Structures are given as C-alpha cells and as structure tokens.
Amino acid sequence: MSPTPRRYMPVEHGFSLTDGFGYQAWRGGTHWGNDYGRDGGSGGYPVFAAQAGTVTAAGPASGFGKWITLDHPTEAGGGLTVYGHIIPEVRAGDRVEAGQRIGRINPDQNTNGGVAPHLHFEVHRYVWSPPGPDRLDPTPWLDGARWPGEQPKEEVTGMDANVLARAMGNSLPIERYAQLLPAFTAALIAADCTTVNRVAMWCAQVGHESGGLRWMEEIADASAYEGRQDLGNTAPGDGRRYKGHGPIQITGRYNHTKVSEWAHGRGLVPTPTYFVDNPSELAGDEYGFLGVVWYWTVARNMNAYADAGDITGATRAVNGGLNGLADRTDRWNQCLALGDALLPNQEELDMGAVDEIKKYIDDRLTLPVGSDVKDIREQLCGQGSRDAGEYDGWPQLGGRTVVDALALIGAKLGIDGFKAPQGSK
C-alpha cells in the first residue's frame, strides 16, 4: 500500500482562504478553485508546488494574466494543479518537487487578470479540464498538507476513524466511526476495494444510501413492499419484515435469502437462512457491512464501475435510476480528493483478524460438537502431548489413552521402535 502523497500548501504561513470552491450566488455560477490572500496585501509573495510534477504551462492565460500548470505523475499522487494570477519562475518542461517555489503572486492588477492580487489554486483529477466533475475541491485535497519549509509529518498509512468520518460527511460523532472502522475496513478488503477509485465509489454509494452511516435500516415502514413478487415477498408481512437492511439497503425476502446462502457458504453465519430468520441482524454492526460485500461483488460488479470512474452507471446499478446522483457525485469527488489516505489499513486489520480467529475457535470449542472433538483429541493423545495429564484415559485400557496403550503393547511384543510410556508396567 503506497503512502499518502506528499503535499504542501501553495502559499506560506500567514495566508488564509479568502474564497472557496463551489457554487456562489453572487457570482451566478461555480468558483472552480480556492483563492488565497493575506492581510496587508498578497502581491509579490512566493507560490509553491503543492505536489511534485512537471510544469506543463508557464505564461499567459486568459483571465489569469499568467499561470502555471503542473502535471503530477501517479507515484507523486496524480492529477494536475493550476496556479493563477502569478508571475512564473519556472518554464514548461521543468521538473519540480513538492514544496518548491515556482513563482510569485503578481502585484499588478493591470496585468494579473484585473483582480486584487491573490493566488487562485485549482485541482484537476487527471489533466486540465473544462469546468465540471473532474475539477476537485482543493480543501480536502490539501488536508494534512505541510506549509512550505515545514518539517515532515508522519505519513498516513491508510484509513483511520478521521478519514472515515470525512469520507462519510462527518454525519456521526468520531467515536461512532471508530467503532465501525474495523468492520468497514474488513468489508472493503473482502470486496477487493483496495484502490482509491474503488473505495471512493464504495463510500459515495454507501454514504448516500446510509446518510453517512447514520441509517443501517430503511427509514420507511416498507409497507409498499408488501406482496412484491419481484422481491420475493410472498408471505403476509414480508414487506415490513424484509425492509432495507444494512448501509446499502438489502431489500426483500429474496435478497435476504441470497445473502444468507452466500454468507453460510463461507462459514460466516450458522445457517443458510440466517438473515431470513433474523433480518435485523443484517442491520447490525457485526453483519451490516457483510450485505454490502455481497451486493458489491455478487449482486452487482460494482468495482467495474469504480475502475471506469462511472458514477452514473454505479448509481443506476444501486438505485435502479439516478435518484441522488448529485449527492453521490459530490461524495465521489470528495473521496477521490482524499487520495491514498482513503485506502483500508490492512496492517491494523491483521491483528484484529487474529483476535477474531482466536475468539471464533474458543467459542466453537464450547459448543457440543467442538467439545466432542476436543474430548476425542485428548483421549487419543499420549504422554508428551499438549493435553497430557489433563484427563482420564479409557477404563477398558486400564486408564490409558489409545496412544499410550498401543505403545505399551508394542513394547511388550518387542516391535521395533515401540517404547513403553514412562512408569508403565
């Protein structure tokens, strides 16, 4: 798993955000970047590369006076950044490092596009693009960025509770996201969501459907689903009983049945009708994300939409139409801007998985079948085994275990290699 891209603020300490990204009524349209300025004037102050890359333009640009554009290779974090209303100090083709000075803010309103001196900064997902969804909000993209000249911070190695909260729109207290993080991370890995595009699509769709994980069960009473043959609701009460459960709303008796069969086949639930018999379990912390994994990988091939960056196709697959497309698109873009910090932290998951495996084994050994297996293992083992001395042997064998009894018989008969257990007669 690659580390979070090394990023710097494009201006130094003392600057603040004076105009942000998004629709602004006074403009009558969308501002497609962030503006940075400082009290007392911004003219002449240096501008820095937010991320390592290659200068693709450095000179005149309509509306900016002059600009710089930097193309960032995948290993540096990808995308393209724009620096407007400046005087370039680099040339097209130059390679620059993150945090390197590349220009200064033009102090002359007559030559900087006719505006008060400031830096206009944009982030484009791939290459320079016209206004639209491929232009990202710079604020989350720059979250955690260093100020120029600042000493390195510890690199982020994957999704934590804070990143999950931001990916879900901070709809819940951070403590709740911390509780959900292990199951959320395990589900991402189980669904092979281990690229930024795949996790961003997962978060966009799940985030919209669940209101940022606020709702693990459909809010409506689901009486409208009563008698829906296409959902497998054939018995009275099925509509309400099999309402949408989990953060992606698994709906109907048929889907609850399919999730149960799939999960049972993988040893995740005790019976092949588990969620048919216990539908609310699919909305709980333990199994809620299990339904998303099934839907993502079995009911639909959602990773294909993610790989193609097809938010519209993914929305149709989840919703059956385009309800909530604007919100899903906003979530998709916000999550993409988080970069590698969005990726599931598999190192943290591994220790949790070990604990879960241990708990699973311990739990199963207390059940009737598990106890029988343990008893048989103990009765077969002999001296030197890990269970020696913890149990009585077979009465028919003089209180010896099967192994010890066979060893004694073999030794008495003089069979080569047999050795009587210590203390045996």
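The values are calculated or read from the model by the stated rules, or taken from the named source; none is laboratory data. Everything numeric in this text was worked out from a predicted model, so none of it was measured. Neighbour counts are summed over all protein chains in view; Cβ atoms, including those assigned to glycine, are modelled from backbone coordinates with ideal geometry. When the accessible area is computed, the model is the full protein with side chains, heavy atoms only, and any ligands, DNA or RNA have been set aside. Shrake-Rupley method; radii C 1.70, N 1.55, O 1.52, S 1.80 Å.
Annotations
- Residue that is in contact with a strand residue (DSSP E or B) (Cβ under 9 Å, 6 or more places away or on another chain), in contact (Cβ under 8 Å) with a residue 40 or more places away in the chain, aliphatic (A, V, I, L, M) and more than 15 Å from PRO247 (Cα to Cα), where the choices are ALA145, ALA190: ALA145
- Qualifying residue in segment 356-370 (condition: modelled with pLDDT of 80 or more and of a type in the set (Gly, Ala, Ser)): no
- From the options PRO117, PRO148, PRO130, PRO152, residue that is more than 11 Å from the chain's Cα centre (by Cα) and at pLDDT 95 or above: PRO117
- When GLY93 is tested against (1) open to solvent by 50 Å² or more (accessible area, probe 1.4 Å); (2) at negative phi, only condition (2) is not met.
- Inside segment 179-200, residues that are buried (at least 17 other Cβ atoms within 10 Å of the Cβ), within 9 Å of the chain's Cα centre (by Cα) and assigned to a loop (DSSP other than H, G, I, E, B) make up a count of 1.
- Unmet requirement for ALA263, which otherwise passes all of (1) open to solvent by 70 Å² or more (accessible area, probe 1.4 Å); (2) of a type outside the set (D, E, K, R); (3) out of contact with any strand residue (DSSP E or B) (no Cβ under 9 Å at 6 or more places or on another chain): (1)
- Residue match in segment 165-178 (condition: open to solvent by less than 30 Å² (accessible area, probe 1.4 Å) and farther than 30 Å from GLY252 by Cβ): yes
- Any hit, segment 144-162, residues being open to solvent by less than 60 Å² (accessible area, probe 1.4 Å), among the basic types (Lys, Arg) and more than 23 Å from GLY291 (Cα to Cα): yes
- Checked against (1) surrounded by fewer than 20 Cβ atoms within 10 Å (Cβ to Cβ); (2) modelled with pLDDT of 90 or more; (3) farther than 27 Å from ASP160 by Cβ, ILE250 meets all criteria but (1).
- Any chance GLY44 is outside any strand (DSSP E or B), modelled with pLDDT of 95 or more and surrounded by fewer than 19 Cβ atoms within 10 Å (Cβ to Cβ): yes
- Filtered residues of segment 65-82 (kept if open to solvent by 20 Å² or more (accessible area, probe 1.4 Å), closer than 20 Å to TRP141 by Cβ and at pLDDT 95 or above): TRP67, ASP71
- Residue within segment 329-336 that is at pLDDT 90 or above, over 23 Å from ARG214 (Cα atoms) and polar (S, T, N, Q) present: no
- Some residue of segment 242-251 being under 28 Å from SER171 (Cα atoms) and charged (D, E, K, R): yes
- Only residues that are open to solvent by less than 30 Å² (accessible area, probe 1.4 Å), more than 30 Å from MET159 (Cα to Cα) and either touching a residue at least 60 places away in the same chain (Cβ under 8 Å) or outside any helix (DSSP H, G or I) (or both) were counted across segment 203-246, and they come to 5.
- Residues in segment 274-318 that are farther than 21 Å from GLU218 by Cα and not in a helix (DSSP H, G or I): ASN301, ALA308, GLY309, ASP310.
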